[in-house]
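Heads up: the structure comes next, in structure tokens.
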Amino acid sequence: MKIKNPATNKVIAELTDNSPSEIKSKLNTLRKGQKEWSRLSVRERLDCIVKFGELMQANKEELAAILTSETGKPLQQSLNEIVGAQNRIDHLKNNAEKWLADENLVDSGATHEKIVYEPLGVIANISAWNFPYNVGYNVFLYALVAGNSVMYKPSEYASLTGKQFEKYLHEAGIPKNVFMCAIGDGKLGQRILKEPFDGYFFTGSHATGQKIASTVASKLVPVQLELGGKDPLFVADDVPDVKVAAVNAAEGAFYNNGQSCCAVERIYVSEGIYDDFVEAFVNEVESYVLGDPTNPDTFLGPLTREQQIAVLKDQVGDAIAKGAILKTGGQAIEGEGYYFQPTVLINCTHDMKVMQEESFGPIIGIQKVKDDEEAVALMQDTEYGLTAAIFSSNEDRAMEVLRQMNTGTVYWNCCDRVSPNVPWSGRKSSGLGATLSVQGIRAFVQPKSYHLRS
Ligand code: TXE
């Protein structure tokens, strides 16, 4: 497998794909390893994870350079991701023993009753490239702490980072037969689905998520899908400062080049502040430094995947043909690398692809709304259900809007945010199941009920 740098389109490394027989033999190895691993205490397993976190932080400069080289993520954002993902480890360290402890429900009388949380066994984690630390940690660290062994298939666009996870997990004391990488593309992913894993945990596109769920359905094992979104933000007319709202909204839309599952993908603005908001928003977007991702000032690097340029061009053309106004950007940048200008489309309507289909790039559609009722109806007009946000100075107004959102997460005066304290879950086409928090660890265990008479 050839690994390309999206900033230069040059091959920077070559890895050998795993063959189907290697997947089979890795699964057998992981099955043996899991038995020993699950006999350790939660604290012993956590000690390895804590050590892993220390190693990642100690080597963060080198790791950030690797992530930037294969995804095009600006170096500072790669560092932010590595440093930020440590919060999962801190949270596990403080809570996992409590979450996984046996629950003695009846401990008097003739029959005692308790719940023991047992690991699932060997799980397959098919992962994504956009935030490999965040979305990877959400799955494999929680699975390991709960006593599972893991086959981790990094995205073909983040395989070098995946290999680093394997190296440092082993260095931190996780046995080699408890965590293993599977290197390859979607075809290898399909091969993994054929094998009898005890759970399949996927992060990626809706289309692939659907294929995975239907392929493994007959196995009757847990399947969890963390998919994309078309996340709306409503900027209400009572925001205290329109410029601040515009700056925050733009960051939510353009951070990581818009390649976040919870990026702001469409914006609705009250008519009273619409013109001021658009002006401030466009000024902010035009101030972004675009270019070489290794330059510390760069905010927008190349897209990770060349194919996405065609999707973005199509969305721009479709929106303009249906009456949107292109305020800035709109073009791919000729030359080396997969660059696309940051793009703002205004006067958008819901017949446009940019308001309906996931963009996953540096492009945003803005639409004017007359009141909260119209904003809610438009925010809810989507097949997705990951996050929704409102900027408003009125808490009651905000809560009334957020109450009506059929999404796993809602935000008041913030957006594009994930925390280990609360579950991360998508509804409708945004996914199935939850990661993070106590819910996230329960995804990797199965309860066993004990009825005990002495
Ligand atoms: O995703 P895929 P890609 C969305 C986003 C983006 C699009 C494509 O819209 O533009 O997905 O990205 C493996 N059986 N998100 O191509 O194809 C594949 O090798 C088993 C949203 O990366 O879904 C990789 O490891 N596995 C998302 C993983 O699945 C298969 C983050 C994801 O690939 C497979 C990333 C198959 N048939 C992209 N086909 C988010 N939730 O944030 C592919 N794979």
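So for each of 256-267, 106-117 I average, over its residues, the number of other beta carbons within 10 Å; can you give me the resulting order with the highest mean first?
256-267, 106-117
What is the helix-to-structure angle for 308-321, meaning the angle in degrees between its Cα long axis and the longest Cα principal axis of the chain, kept from 0 to 90 and rounded to the nearest 10?
Approximately 40 degrees, to the nearest ten.
In nm, to one decimal, how far is the ASP276 label point from the GLU171 one, both placed 7 Å along Cα→Cβ?
Rounded to a tenth, the inter-label distance reads 5.2 nm.
Quick one: Cα centre-to-centre distance for segment 360-422 and segment 217-266, in angstrom?
Cα centroid of segment 360-422 versus Cα centroid of segment 217-266: 9 Å apart.
Mind checking which lysines have their C-alpha under 21 Å from LYS98, skipping anything on the same chain fewer than 8 residues away?
Filter leaves LYS51, LYS114, LYS448.
For the residues LYS353, LYS167, LYS2, what sequence is obtained by ranking on other C-beta atoms within 10 Å, fewest first?
Fewest-to-most Cβ neighbours within 10 Å comes out as LYS2, LYS167, LYS353.
Of the listed peptides 361-368, 271-278, what is their order by residue-averaged count of other C-beta atoms within 10 Å, with the highest listed first?
361-368, 271-278
Among the lysines, which have Cα under 18 Å from the Cα of LYS2 when same-chain residues fewer than 8 positions away are ignored?
Straight-line reach from LYS2, under 18 Å: LYS10, LYS153, LYS163, LYS187.
What ranking do PHE201, PHE131 get, fewest neighbouring Cβ atoms within 10 angstrom at the top?
By the 10 Å Cβ count, ascending: PHE131, PHE201.
With the calculation restricted to Cα positions, what are the radius of gyration and Dmax of segment 248-355 in angstrom?
Cα radius of gyration and Dmax of segment 248-355 are 13.8, 43 Å respectively.
In Å and on Cα atoms, what radius of gyration and Dmax does segment 270-333 show?
In Å, with Rg to one decimal and Dmax whole: 14.4, 41.
As I understand it, the value is the acute angle between the Cα axis of helix 75-100 and the longest principal axis of the Cα atoms of the chain; what does it come to in degrees, rounded to 10?
Taking Cα atoms only, the helix is inclined about 40 degrees.
Using label points projected 7 Å from each Cα along Cα→Cβ, tell me how many nm separate ARG427 and LYS313, to one decimal.
3.8
Taking R0 as 60 Å, what's the FRET efficiency between SER218 and GLU373 from their Cβ-Cβ distance, rounded to 0.05?
The value I calculate is 0.85.
What do you get for the angle between helix 132-145 and the principal long axis of the chain? Use alpha-carbon atoms, 0 to 90 degrees, nearest ten.
20
Run through the DSSP bridge list for segment 231-419 and note the antiparallel percent, rounded to the nearest 5.
Percent antiparallel among DSSP bridges in segment 231-419 is about 15.
Suppose the chain between LYS114 and LYS211 were pulled fully straight at 0.36 nm per residue; how much longer would it get relative to their current alpha carbon spacing?
31.1 nm
Shape verdict for segment 231-419, please, from the Cα gyration tensor: rounded (a/c under 1.5), prolate (a/b greater than b/c) or oblate.
Prolate, since a/c reaches 1.5 and a/b exceeds b/c.
Given Cα pairs under 8 Å that are at least 6 residues apart, what percent is the relative contact order of the chain?
19
Ordered by packing density, taken as the mean number of other Cβ atoms within 10 Å over each peptide's residues, highest first, how do 225-237, 187-199 rank?
Averaged packing, sorted descending, gives the order 225-237, 187-199.
Spelling out what I want: for every residue of segment 449-454, take phi, set θ = phi - 60°, compute 6.51 cos²θ - 1.76 cosθ + 1.60 (Karplus), and round to whole Hz; glycine and proline get x.
For segment 449-454, the Karplus curve yields 8, 9, 10, 10, 10, 8 Hz.
Let me see the P(r) profile for the chain: every Cα-Cα distance counted, bins of 10 Å, each bin given as a percent of all pairs.
Taking all Cα pairs of the chain, the binned fractions are 4, 20, 29, 25, 14, 5, 1, 0 percent.
Below 26 Å Cα-Cα, how many Lys pairs turn up in segment 231-419? Only count pairs eight or more apart in sequence, or on different chains, if you could.
15
How much length is gained if the chain between ASP47 and LEU15 is pulled fully straight, taking 0.36 nm per residue apart and subtracting their Cα-Cα distance, in nm to one decimal?
Roughly 8.4 nm would be gained on extension.
Quick one: order GLU81, GLU44 by neighbouring beta-carbon count within 10 Å, fewest to most.
GLU44, GLU81
Only the coordinates and a few stated rules stand behind these numbers; no lab work does. Keep in mind it's a predicted model, so treat the numbers as computed, not measured. In this analysis, Cβ positions are derived from the backbone assuming ideal geometry, glycine residues included, and neighbour counts consider all displayed protein chains.
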